[in-house]
Structures are given as C-alpha cells and as structure tokens.
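The values are calculated or read from the model by the stated rules, or taken from the named source; none is laboratory data. All of these numbers come straight from a predicted model, not from anything done at the bench. Neighbour counts are summed over all protein chains in view; Cβ atoms, including those assigned to glycine, are modelled from backbone coordinates with ideal geometry. These accessible areas exclude ligands, DNA and RNA; they are computed on the full protein's heavy atoms, side chains included. Shrake-Rupley method; radii C 1.70, N 1.55, O 1.52, S 1.80 Å.
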Amino acid sequence: MVIGAGQAGLSAAYHLQRRGFLAAGGTGENAAPAMAENAPGSYVVVDAEAGPGGAWRHRWQSLRMATVNGISDLPGIPKPDVDPAEPSSAFLSRYFGDYESGLGLNILRPVKVRSVSREDDRPSGRLRIETSVGSWSARAVINATGTWTRPFWPIYPGQSSFRGRQLHVADYVAAEEFRGQHVIVVGGGISAVGLLDEISQVTTTSWFTRREPVWRDAEFDRQAGHDAVALVEERVRQGLPPQSVVSVTGLIRTPSLRAAAARGALNRREMFTAIEPDGVRLADGSFLAAAVILWATGFRAELEHLSPLHLRGTGGGIAMDGTQVAAEERVHLVGYGPSSSTIGANRAGRAAVAGILRMFDRRAAEEART
C-alpha cells in the first residue's frame, strides 16, 4: 500500500506499475485484482485529500509558478508548459490530476489512514492498515504522507495572552488581509523570507529568528546539493529527527529578496523572550507592539498512524536505511528527511519499490529452501 498521493506517493505508484504490480481497489475480499501470471503483486494508493495535488492544493494563491521553489517533473510524464503567473496550487493540482488519470493510477480518496500495525509477530508477516473506509492487509507499506498536516508551533511564555492574531504558514492566504497592522514573522526558512517580502509590501513587519540564516548569492551546483542532502541523510540514518534540506543549503538571495532587504524587511531581530497581550517583549527588555504573529516555523512529518509499529528510537527520530525503516523492512518512508525535496521524492519512490522487490525475492528464495 502507498499512503499519500503527493509527489513522493505518485512516484512510488509509477514505479510499482512500471515493475509489474497491478492496481487494486476496495477493501476486504475486493482489495486485490486477479493476478497476471508474472505480476509480483497488487498495490493500492490511498490519499486523505479530496482531490489531486497533495499539499500543493493548500498553498497560498500568491505563490505563483514564477516564484515557487523548483518543482521536478513526475517520472514518466513531464510538466506541461508553465504560465509563470499561474498560482502553483492550481497548476500542480492539475498536473498531478492529469498524471493520475494518464497512468490509470486509480487513487482512492478521501481516505484517512488511522493506524498501521503488525498482524502477527512474524518478521515476514503482513501489516494491517485501518482507514476511514475500512481495512487492508499488505505485505509492505510505502508511506508518503508528507508534513503539511503537522505545522510546528513553538511555545513561548505568554502566548495564550496575545489579543491579536496568531497563525501558521499553513493558514496563510494573502498579505492584503494584514494591511494597516504590524506583522511579526518568525522563522528563518524559504517560506518566512518569501512571506516577509510579500507582506512588507503592504504593511510594516518585523522579522525574528533564532539565528541568522546562511545566505547564498548563487544556485547550488550538483556537488554542493549532493553534500547538503547527505548531511540530512546522515541524521536519519542515526535515528535523529530530520532537518529540512534548506537548513543546510541556506537561502539564495533572489532579486525579490534583494529588494525586500533594500526595504529593510530582512533586518533580522534576536528572538523575543515573551509574548504579551499587545505584542512581544524583546531580548533587550523593550516592548514591540504587534497585531499579528505569523509562525513560519516549519512542519513535522505526519507519522502518527505508524505509532503502533514503535519505529521511533531513543534519538527521537526513525533510523533509516535509504528509504527503508532500519528496524522494519516492510515499511518505507518517502518524502521524509533527505527525500523531502521534489527531486528527492521522485528518487525515493523508485528506491522504495526496488527495496520492496528485493525483500520479496529474498523471502521467496528462503521459502524455496525450506
């Protein structure tokens, strides 16, 4: 089973189909189609969204294709011609939808996965997937649930006393709704600086981060990108919670961000020490009034449905061997850690399917010897 139909999930479905797996649907007795003679098995893709596009369905309307961080083609079908002015949510939802129908992937939605558990104690046994529409039994799971549904909200003293508006990037719609209000933006990633640029064009802003971001004046070359991903990969191999790729790549000074810096929008402040009803208390003891606090503080992986498998280690993360969970070969995580970038998600889908086939082949050989 593939859980999630964003870029990583669609990539996994493509490679399952390409390697001969047959698309299944339904639950219980109707879960699998009649097997072709040489088919390695069947697969089903479930997605919690109401339609195609994954997290892109929820991106703010002002995020246009001209400004979105690079999007890789899905495997097998390249993106159509791009209108730079089109909202990314509209373009990518349409592209993903056309991709699904063009390949006949038969995504089942909306389906919310509630839990994944082991059916028995055998390492070669099956997994039970409980969902909002019934249950499935599977030999392996490729999890591609992403992060959008788990925005991270830091906790600060006095946070609940704030009389203004607090929102996360996941709730952001457009800068115009903040006109005439002083907006505090918290965070040091791509979303934070991008929204600072946008909001500072219609109202006053202040920017707070724990540390100064690493700025770059040019795009990464292939080697630098490879090295950055390797750092993230090493963390998950050790069982530590993954960091975003941008945390090690830094931020590129685009022309729009240079203009924002010239306006003073990127004058970083040291993190405030407390939140008060009408603003924040600064590190030097002074007070800054504000009507809005926008938390651009990132997301965490949506993995709660995997809790019955007890995959997390003492480091707080899940130890990985490529896309495979190191302690559970039946589970692969794609779009997690180093594969959270769009190009990484495509590669991870291919790697996960290859790993599952190796597991099936090894088990078949073991059964033949007994």
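Treat each spin label as a single point 7 Å out from the Cα along the C-beta direction, and report the residue 270 to residue 362 distance in nm.
Once both label points are built, they end up 5.2 nm from each other.
Could you tell me what percent of the DSSP beta bridges with both partners in the chain are antiparallel, to the nearest 5?
45
What's the longest bit of the chain with no exposed GluC sites (Glu not before Pro), using DSSP loop states and at most 15 other Cβ atoms within 10 Å as the test?
Numbers: sites that count: 37, 119, 219.
The longest such stretch corresponds to 220-370.
With point charges of +1 on the Cβ of Lys and Arg and -1 on the Cβ of Asp and Glu, referenced to the Cα centre of the range 119-213, which listed residue (166, 204, 181) lies farthest in the positive direction of the dipole?
With unit charges placed on the Cβ atoms, the residue in question is 166.
Using the C-alpha gyration tensor of the chain, what are the square roots of 5 times its eigenvalues, in whole angstrom, with the largest one first? If you can, show how the numbers build up before the last one.
Numbers: eigenvalues 328, 97, 76 Å².
Rounded to whole Å, the semi-axes are 40, 22, 19.
Along the Cα→Cβ direction, 7 angstrom out, place labels at residue 278 and residue 258. What is the inter-label distance in nm?
Here the answer is 4.1 nm between the modelled labels.
Calculated FRET efficiency, residue 58 and residue 161, Cβ-Cβ r, R0 45 Å, to nearest 0.05?
Computed FRET efficiency for residue 58 and residue 161: 0.95.
Leaving out ligands and nucleic acids, note down the accessible area per residue over the chain with a 1.4 angstrom probe, in whole Å².
Result: 48 Å² per residue.
Considering only the other residues whose Cβ falls under 13 Å of the Cβ of residue 61, what net charge follows from Lys and Arg at +1 and Asp and Glu at -1?
Taking every Cβ under 13 Å from that of residue 61, the sum is -1.
Indicate the helices, whole DSSP H runs only, in the chain that combine a mean Kyte-Doolittle hydropathy of -0.5 or more with a Cα extent along their long axis of 24 angstrom or more.
Going by DSSP H runs, the hits are 342-369.
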